[in-house]
Structure formats: C-alpha cells, structure tokens
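Only the coordinates and a few stated rules stand behind these numbers; no lab work does. Treat the numbers as computed from the prediction; the structure is a model and nothing was measured. Ideal geometry is used to build each Cβ from the backbone, glycine not excepted, and the neighbour counts take in all protein chains shown.
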Amino acid sequence: MTTLYGELAESIMNLIESGTFREGQRVPSIRTLSRQFGVSVNTVREAYGVLETQRIIESRPQSGYFVRRNLPGFPATPPVIDLAEVNPHDIIPCSLREDVEYLTKRKPFRGLNLAMGSANPELLPSKRLNAFLGAVSREAGTDIVDYDTRKGLPALREVIARTSLDAGIHLSPDDFLITSGCLIGIGLAIQVLCQSGDTVAVESPTYSEFLKLFKNLGIRVLEIPVSPREGMNLEVLEWAMDKHDIKAVLSIPNFNNPVAFHMPEHRKRALVELVTRRSIPLIEDDAYGDLSFFNQRPVACKSFDTTGMVIYCSSVSKTLAPGYRVGWVAGGRWHEALTQQKVMLSAGASLPTQTAVARFLGEGNYARHLRTMRRALANQTGAMAELVARSFPKGTCLSRPAGGFFLWIELPETIDTEELFRRSAPEGIFFRPGFIFSASDRFRHHLRLCAGTWNSEIERAVLRLGELACQMV
C-alpha cells in the first residue's frame, strides 16, 4: 500500500543520493518541506522519521535535520560488461557451499549467524499465528487433516488475490496455486518449462538456492550482471537472447537476494516487454516485496503482464512464518501445467497452516504487523551498514537497501571471502561468501550479511569480522 510519507521519504533519499543534499548539509525544515511538496507537517515528520530510522538523516537539537555521514556505496555507473563472459554454465561443484548450508542451518545453531536468510523470529507474529492454528484445528475437525486440494485452500487463494492488489496484481483466486513455499513454486515452474541441459538466465549474483535447484535438475545457468541501483542489465539480457537458446528468465526484482536492489518500475515494465516480445517466460520471485522500509510496497513485474508471460511466485516465509511453508504461484499461460505438476509431485501445502495464514491475512492483522516489522528491519539494516562502514577495510563498498534484510558487501580485491570464512567459522561467526551466489566462481571478494537479527552479539560478530578482514589486506 502506497503511503504519502513513504513517497516523500523516497523522494528525499533520491535527492541525497543524487548529491542535491550532501553529507553534513542541513535538509529543509519540516515546515519548508511541507510548503514545497504541498503536504501536511505530520506527513513530513513521518517521512523524516523513516529516514532517521534508516540512518540517512539525523536530528540535531535546535538545529534541524542533517544528512548523515555517507556510507561507501557502489558507484552510480556500473562497470563495463565483458560480453564474452556471458555464456551458459554448468553449476560448478562447491564443497564450501554445502559447508555453509550445513553450518548455518543446523539445529540448534551454535555461533553468531550473519548468514541466515530470514528475520528474527521475535519480529514475527508467532503467538497470534499459533493461536489461529490452534483455533482452526479445533474448529475444523477431521477436514483439517485431509490432503491439500488441487489448487490449495480456496479461502487462502481469495485473501491472496486481495493482498496482491498492493503489488499491482489484479487476478482472481482461481489464478493462484498454493505451494509449500516460494522455492517449491519456482521449482515447479522450472520443471514445467525446462528439460535437463536447457538454459535459464538469472541475475548475477543470484540466490544460492536457485543454483542448488538447477544443479539437481541439470539446468545450465546464464548469468546476467546486475546494477545495485537498477537490477538485471536488460541490454545484456537482450544480447544474450540473440546469442543463446534461453528457456526462461528468473529474477528477484524487489529487495533482491543477495544484492538487495529494488528494480525501478520502468525497468520492470521493460523486462516484461522484453520477455513478451521474445516469448520467453519470466519467473518472478517476490518473497521480499512486502518488506519495503518506506511502507510503500513496490509493484511486481507481474503487474505489467498482459499476456501471461510472467510466472509469479511468493510466500509468507519472509514476513510471517518460514516453518509454515505456505507459498503461491500465479502461473499465467502455464497455470494449468503448474497445477498438474504440483498434483503429480504431491507438492501441496499443509491445510492447517494454510487455514491459519488465511485467517491471519483475512482479519486485518497483516498490515499492522508489516508496519512494525518494516520499521525494525530498516533500523537493523541501517545499524549494520554503519558498523560495516566503520570497521571493515578501507575500500569496502556496500549496498544501501530500501527493503528486506540483506547487505551485499564488496571488499578490496585482495581479500578472498572463502579464506575469510575459514578464519571466522572457528570463532563461531558465519556469513555467506560471495562466490556461492555464482555458477562460475565469481564474487570472490564479496559477501552477504543478514540484518534480520540485531543485538549485542551480532554487533560483536560484525566488528570481529571487520577485524579479520582488515588483517587480510
């Protein structure tokens, strides 16, 4: 849902990023900005509150608001692309990728986990959800222990159709298919669209779980470079489409994992237009879309789809309950094929958790929960970014996300993050080295940190990781 103060906050941030207001400069007073933008004083105050939470501006007593110290972000102009390197790859076996998965996902976890891919459970409405789960289990009787329906619980599909309006998606409940999480939906799409040996174009870097999925299915990967500001390079993607037989494009356009970029609307529209002209399906992972720091939920690529070329996938795993395993797919042209694939693979979701999520979403709890969660994640991500800027080696660059909970960090080229991981792991400090997000061993001096949790122990882990990195310069 778009909010006026969210729009205003994003406008001010854009002015800061463009250099209109520089580090240490005073930004307009609340009353001045109210007059300039024709909004209320309270709207400006809310917008400045969001920017303070993100540590973009700061309030100084009796003086007003000022731009805080600039963090070492990525350059506005992306590097020149060597098109000779844009070729399909098989997935390179990586033992450390498996080690990272094992060490950071084992239960109970022992250590300081900067590698996780979810928010702190304390930010999730666990008690409320579990209360709904208990209530629906008591009320539904034997029906609740039956198998999932073909497309998923009708009540859940109805409420998803309503909540998807915030992402600009106008579909009926019958256009949605419930799955056991977002990745399951993406896996169904890949199996419907591709055969072993086929090529899928992905963002580079890309979510490491995609690479595991592709490896298991024998899919080749064509990595398309991204910009931290605009996402997938569409010019390179179009060039690659001319040179290679691409069966599908897979993208996380909103608060991407791992780079955390937010693809602008005009680029989303251009991406959909490109895949439509080429008749190549786009698989959109929008699991992070609800986690905007500005309370302004960005639209999905699916909102620009008029011909059914976009297969839209999302879930509640990042916002409500990872363990409930409730996701959904809007399959466009391939919706019936996806439904049949789900039935064939018995990839249904649990009816009790579907019912609990449907009730939670349907009773107006979600919007209130998101407001609280977004503010907490903005604060945590800003705090982690400041600490990285202060404690990591000179020459470090990092993303400035507008949503989600990831920081993508580029260290000086002399630092290999595989070696950094091997130094930090014995101390119980885990993160995700950059090369596990590539099919071709790229991003050796990059890493991803998760700000889903923030406390004194996580702060100590970031400081220690910075110390270890400085020792390697």
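A few notes on this one:
- Residue order, fewest to most surrounding Cβ atoms within 10 angstrom, among Asp175, Asp90, Asp166: Asp90, Asp166, Asp175
- Coordinate range of the alpha-carbon atoms in the range 4-67 per principal axis, descending: 27, 26, 20 Å.
- Look at (i) 42, 31, 17; (ii) 37, 28, 21; (iii) 33, 28, 24: the one that is semi-axes √(5λ) of the Cα gyration tensor in Å derived from this structure is (iii).
- In percent, rounded to a whole number, the relative contact order of the chain is 22, using alpha-carbon pairs under 8 Å and six or more apart.
- Value in Å of the Kirkwood radius, where the range 126-365 supplies the Cα pairs that are averaged: 18.1 Å
- Of all beta bridges that DSSP places with both ends in the range 126-365, some 35 percent have antiparallel geometry.
- Residue exposure proxy: His262, His369, ordered by other Cβ atoms within 10 angstrom of their Cβ from fewest to most, comes out as His369, His262.
- Excluding same-chain neighbours fewer than eight residues apart, the aspartates and glutamates reachable from Lys127 by a Cα-Cα span under 20 Å are Glu139, Glu363.
- Counting only Cα atoms, the size of the range 291-384 along its three principal axes is 45, 33, 28 Å, in decreasing order.
- For the range 325-447, the spherically averaged projection of the C-alpha convex hull amounts to 12.0 nm².
- Length-normalised contact order of the range 126-365 in % [C-alpha pairs under 8 Å, at least 6 apart]: 29 percent
- Residues Thr43, Thr149 arranged by fewest to most Cβ contacts within 10 Å: Thr149, Thr43
- Note: the range 383-473, Cα convex hull, 92 Å³ per residue.
- Karplus-derived 3J(HN,Hα) values for the range 418-426, using 6.51 cos²θ - 1.76 cosθ + 1.60 with θ = phi - 60°, are 5, 5, 4, 4, 5, 7, 7, 4, x Hz; glycine and proline are entered as x.
- Partner lysines for Lys342 [C-alpha distance under 30 Å; skip if fewer than 8 residues away on the same chain]: Lys105, Lys107, Lys151, Lys212, Lys215, Lys247, Lys268, Lys302, Lys318
- For the range 4-67: relative contact order, % (alpha-carbon pairs under 8 angstrom, 6 or more apart): 42 percent
- Helical mean residue ellipticity (222 nm; -39500 (n - 2.57) per DSSP H run of 4+; nearest 500) of the chain: -12500 deg cm²/dmol
- In the chain, the DSSP beta bridges split such that about 60 percent are antiparallel, to the nearest 5.
- Stretching Ala367 away from Arg460 to a fully extended chain increases their span by 30.2 nm, per 0.36 nm per residue minus the current alpha-carbon distance.
- Peptides 400-407, 234-241 ranked from most to least packed give 400-407, 234-241, packing being the mean of other C-beta atoms within 10 angstrom over each peptide's residues.
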